[in-house]
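Following: one structure in structure tokens, then a few remarks.
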Amino acid sequence: MDDKRYLLSLIREGEHQQQDFKYRVADAHKLARSVSAFANTDGGRLLIGVRDDGHLSGVRSEEEIYMMHQAAYRYCKPEASIKFDTYHAEGRTIVVATVPPSSKRPVCVLDENDRLRAYIRIADENIVASPVHLALWREAQKAQGAMLTYDDDIRHLLDVMEGRQTLNQIVRLSRLPRHKVITLLARLIRFGTARWEYVSPQFLFSLV
């Protein structure tokens with residue numbers, strides 16, 4: 001398959017959980033958010049030099065290619081694995097950046113104010129990870145044989161969880177310290193007792 005046919009086959013898929021179009025790279029920080037989101041979720045690829053409508057616009061300069069590398073290797077902490085492949089079609093250069101899911105989550109982005117933020121990919125959006133996601137990743141790094149102990153705090157949390165609730169609602173109803181609620185929710189999700197979903201613009205948590 002030649003470059004053009006291959007690129008068009010990808011473009012026909014549109015933007016989705018594992019694919020994003022970037023018309024141009026004007027901000028390495030912004031590009032790093034997509035890299036973080038893919039690395040923290042299911043992996044994915046960025047088609048750089050492709051407009052949102054699927055039109056091939058091409059990568060315009062060496063500076064854009066430099067910023068792609070900056071996004072992966074300077075602004076992502078820890079560094080994200082990323083592979084760059086270059087294709088040529090209609091006299092334009094398109095770069096496909098492939099990001100595998102990371103085994104060292106969270107992959108965070110160092111923003112313009114030197115703050116670290118982690119992102120996840122939901123459908124075709126990059127969303128800032130919630131504190132519960134961060135705790136869940138910390139839990140996942142623990143020994144596989146870890147157990148969930150149904151102590152008084154867990155039982156109390158289960159008692160106040162009804163329907164779909166935000167983190168703030170659960171903290172208010174439980175009257176437990178926020179950091180403890182975050183940790184307990186992460187454990188409940190890890191062991192399949194609770195789940196999360198994203199309903200823009202917030203995350204909701206519920207019992208399974």
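The values are calculated or read from the model by the stated rules, or taken from the named source; none is laboratory data. None of these values were measured; they are calculated from a predicted model. Heads up, the Cβs are rebuilt from the backbone with ideal geometry, glycines too, and the neighbour counts pull from every protein chain shown. Surface areas here come from the heavy atoms of the whole protein model, side chains and all, with no ligands, DNA or RNA. Shrake-Rupley method; radii C 1.70, N 1.55, O 1.52, S 1.80 Å.
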Heavy-atom accessible area order for 200, 9, 130, largest first, 1.4 Å probe: 200, 9, 130
Quick one: accessible surface of residue 16, probe radius 1.4 Å, all protein chains present, in square angstrom to the nearest 10. 60 Å²
With residue 138 itself left out, Lys, Arg at +1 and Asp, Glu at -1 over residues whose Cβ is under 11 Å from its Cβ give +3
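Which of rounded, prolate or oblate describes segment 1-67 when judged by the alpha-carbon gyration tensor and an a/c cut-off of 1.5? Walk me through the numbers on the way to the answer.
Details: a/c = 1.96, a/b = 1.11, b/c = 1.76.
Oblate, since a/c reaches 1.5 and b/c is not below a/b.
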Pairwise Cα inverse-distance average, inverted: Kirkwood Rh of segment 63-114 (Å): 12.3 Å
List the residues whose amide H sits under 5 Å from the amide H of residue 57, counting only those 5 or more places along or on another chain, with H placed 1.01 Å from N in the peptide plane. 50, 51
When the expected Rg is taken as 2.2 N^0.38 Å, what fraction or multiple of it is the alpha-carbon Rg of segment 115-197? 1.13
Part-to-part distance (alpha-carbon centres) for segment 58-82 and segment 1-48, which is given in Å: 13 Å
For segment 85-154, what is the per residue volume of the convex hull drawn over the alpha-carbon atoms, in cubic angstrom? 168 Å³
To one decimal place, what Kirkwood hydrodynamic radius in Å is obtained for the chain from all pairs of distinct Cα atoms? 18.6 Å
Please tell me the relative contact order of segment 39-178 in percent, rounded to the nearest whole number, where contacts are Cα pairs under 8 Å and at least six residues apart. 21 percent
Would you mind working out the accessible area per residue for segment 54-157, using a 1.4 Å probe, and quoting it in Å²? 56 Å²
Too-long pairs where the Cα-Cα distance tops 29 Å, listed order kept, from 30/83; 30/180; 22/180: 30/180; 22/180
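Mind ranking 156, 88 by accessible surface for me, highest first, 1.4 Å probe? Don't jump to the answer; show the numbers that get you there.
Details: 156 70, 88 110 Å².
Order by accessible area, largest first: 88, 156.
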Checked segment 126-171 with the C-alpha gyration tensor, a ≥ b ≥ c its square-rooted eigenvalues, rounded below a/c of 1.5, otherwise prolate if a/b is larger than b/c and oblate if not; verdict oblate
How do 45, 24 rank by accessible surface area computed with a 1.4 Å probe, from largest to smallest? 24, 45
Could you tell me the accessible area of residue 193 in Å² (1.4 Å probe, neighbours in place), rounded to the nearest ten? 30 Å²
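Can you pull out the GluC sites (Glu not before Pro) in segment 39-138 whose DSSP state is coil and whose Cβ has at most 13 other Cβ atoms within 10 Å?
90, 112
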Within straight cross-link reach of residue 77, meaning Cα distance under 12 Å, which aspartates and glutamates are found once same-chain residues fewer than 8 apart are removed? 111, 114
Sites residue 55 and residue 200 - FRET efficiency at Förster radius 30 Å, r taken between beta-carbons, to 0.05: 0.65
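Give the average over all directions of the projected area of the C-alpha convex hull of segment 29-125, one decimal, in nm².
Details: hull surface 24.5 nm².
It is 6.1 nm².
Can you pull out the trypsin sites (Lys or Arg not before Pro) in segment 147-187 whose DSSP state is coil and whose Cβ has at most 14 other Cβ atoms within 10 Å? Walk me through the numbers before you get to the answer.
Details: sites: 155, 164, 172, 175, 178, 180, 187; in loops: 164, 175.
Counting only loop positions with at most 14 other Cβ atoms within 10 Å, the trypsin sites (Lys or Arg not before Pro) in segment 147-187 are 175.
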